[in-house]
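Okay, so here's the structure we're looking at.
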Amino acid sequence: MKHIHLSGICGTAMASLAGLLQLQGHRITGSDNAAYPPMSNLLRSLGIPILEPYAESNLDPRPDLVVIGNALSRGNPEIERILDQRIAFTSMAALLHEEFLIGRESLVVAGTHGKTTTTSMLAWIYQFAAQSAAPGSSIQEPLSAAPDAHLHSRRRRVRYSLL
């Protein structure tokens, strides 16, 4: 079990990732500049602490890994501490790949409109066809909006992009 801290945890995708990582057995903490519903409610319901605002002390105790949200940049106190103390860090996309995609076949739905609808249809088609698909809309869609979102050990996962 790793301690993973998500800097920028209150975004839709980051909060959903936090929930999925917790389901994997990791200890999750997170920070954001402003926590507000619906993501703050989701995270609190999962027992994931939200530290506000960004601060060096949010990284105490030192996490094994920090996921840095794409809205953060140099000058953020957490990023500066990560760099100064050489704390391991990654992006959300890289962690999704490492934790959930390696060894699995993925269908990725990308584009400007219709990702949720298309993903839902693909998941239904695979389930109906007994292809053992695991709906993956939980990455973009909040876990609270996808009550059936959970991890599967099955190989195939239907997922859509975070564009």
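The values are calculated or read from the model by the stated rules, or taken from the named source; none is laboratory data. Keep in mind that what you see is a predicted model, and the values were worked out from it rather than measured. Neighbour counts run over all protein chains shown; Cβ positions are idealised from the backbone, glycine included.
Of the residues examined, Gly69 is not one that is without any contact (Cβ under 8 Å) to a residue 40 or more places away in the chain and within 20 Å of Thr12 (Cα to Cα). For segment 24-71, give me each residue that is touching a Phe, Trp or Tyr at 6+ places or on another chain (Cβ under 8 Å) and not small (Gly, Ala, Ser). Scanning segment 24-71 gives Asp32, Asn33, Leu65, Val66, Val67, Ile68.
When Ala55, Ala94, Ala88 are checked against the criterion of being touching a strand residue (DSSP E or B) at 6+ places or on another chain (Cβ under 7 Å) and without any contact (Cβ under 8 Å) to a residue 60 or more places away in the chain, a single residue qualifies: Ala88. A single entry from Val66, Val108 fulfils the requirement of being among the aliphatic types (A, V, I, L, M), within 30 Å of Tyr36 (Cα to Cα) and modelled with pLDDT of 95 or more: Val66. Among the candidates Ser40, Ser31, the residue that is under 13 Å from Cys10 (Cα atoms), out of contact with any Gly (no Cβ under 9 Å at 6 or more places or on another chain) and crowded, with 16+ Cβ neighbours inside 10 Å is uniquely Ser40.
Taking the residues in segment 68-82 that are aliphatic (A, V, I, L, M) and not in a helix (DSSP H, G or I) as candidates, determine which candidate is surrounded by the most Cβ atoms within 10 Å (Cβ to Cβ).
Looking at the filtered set, the residue picked out is Ile68.
State yes or no: is Phe89 at negative phi, of a type in the set (Phe, Trp, Tyr) and assigned by TED's automatic domain parsing to the domain that holds His26? Criteria met by Phe89.
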